[in-house]
Amino acid sequence: MDEESGREGASRRLDRVVRVLLERISDGTFPPGALLPPQRELTAELGVSRDTVQRALRQLADEGYVQSRQGSGTRVVRLPQGDERLVRPSRVGATLRALVQKAFESRAVTIDAFSLTGETLNPHLLVSFERIRAGEIRPESISVRLLQARVGSDLRLLTAVGEPEDRRALGRLRQVAAMTMTSIRSSLHELQRDGLVPSVRFETAETSVAPMQKLYLLNTTDALTGYYEVVRRRVLLDSSDEIEVHDILGLGAPLHHHSVAGERPDPGSVAIVDSAKRWYEHAWANAEPSRTG
């Protein structure tokens, strides 16, 4: 492995460990006040070096999620989005994980998403893809549309703290988005190639609107929305440089759930789901297609 590939791999491993720990904090595996497992356990479980685990813990500490003390371990001090009252309702029936799995129990699965990179959606899709391979579910068709923000040089979200003209972090964001699209596309293609799902379709498009709120539409009956949180945090670039940026975090964001499923859906939810579908179709029609799978 050459030096450049090694650096890229280190960056991905760090991001993966941070995402795993954030998700476990968000879903209650490690609630506020709980101690995280010792570094040696995390190293063994996640298959990374101790240095990677230490970097991930420092990043979470910088963002205010955990606090480390010599001899006392690392303790969770706050949930993603910072307000426990917002997170608990989202874990009761409005988690993206649960609703994506429910959507995949239909014969015809449709997922329309609007987000910055699609990174949060991808692991939940992969779980459902594995359920298909295990024979637990048998959808006849899967259609996924991913509407993403155009990451151009004018996107001001990922600016270096104190150096607004430093746009190196944009390259990292583009890489995450590209990796997400490749993962979803290849996974869907493999399901069809292996004869597990007769019909699959994956489309992506770009819009100049930078999302401060993500949207998921599942099987045209359920809408989930959640706000991104703007934070200051340090990120590792492929050059091995660490810079502090104004970033936005979506992993673990509280999701507001509205559904028209059932015999007597709430009228307010009906209005919100209909409005969300109209907005998505309008935004999609005016976006620039990027790739079709």
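The values are calculated or read from the model by the stated rules, or taken from the named source; none is laboratory data. None of the values given here were measured: they were computed from a predicted structure. Areas reflect the complete protein model, heavy atoms only, side chains present, ligands, DNA and RNA absent. Shrake-Rupley method; radii C 1.70, N 1.55, O 1.52, S 1.80 Å.
Ligands, DNA and RNA excluded, the heavy atoms of D112 present near 30 Å² of accessible surface to a 1.4 Å solvent probe.
Sort out for me the Cα centre separation of the range 90-140 from the range 178-206, rounded to whole Å. When both Cα centres are located, 13 Å separates them. Given their separation in residues at 0.36 nm each and the Cα-Cα distance between them, D51 and Q67 gain 4.0 nm when the chain is fully extended. For I184, the solvent-accessible surface computed with a 1.4 Å probe is close to 0 Å², ligands and nucleic acids excluded. Remark: the range 189-204, residue by residue, has Karplus-estimated 3J(HN,Hα) of 4, 5, 4, 6, 4, 7, x, 8, 9, x, 10, 10, 8, 9, 10, 10 Hz, where x stands for each Gly or Pro and the curve is 6.51 cos²θ - 1.76 cosθ + 1.60 at θ = phi - 60°.
Counting only protein chain heavy atoms and rolling a 1.4 Å probe, the accessible areas of K102, K277, K214 rank, largest first, as K102, K277, K214. Residue separation of Q101 and E281 scaled by 0.36 nm, minus their Cα-Cα distance, works out to 62.4 nm of gained length. Ordering H257, H124 by accessible surface, largest first, gives H257, H124; the 1.4 Å probe counts only protein heavy atoms, with every chain in place. Using the Karplus relation 6.51 cos²θ - 1.76 cosθ + 1.60 with θ = phi - 60°, the per-residue 3J(HN,Hα) values for the range 115-128 come to 7, 6, 10, x, 4, 5, 5, 3, x, 6, 5, 4, 4, 5 Hz, with x marking Gly and Pro. Of the whole protein surface, S141 contributes about 30 Å² of accessible area at a 1.4 Å probe radius.
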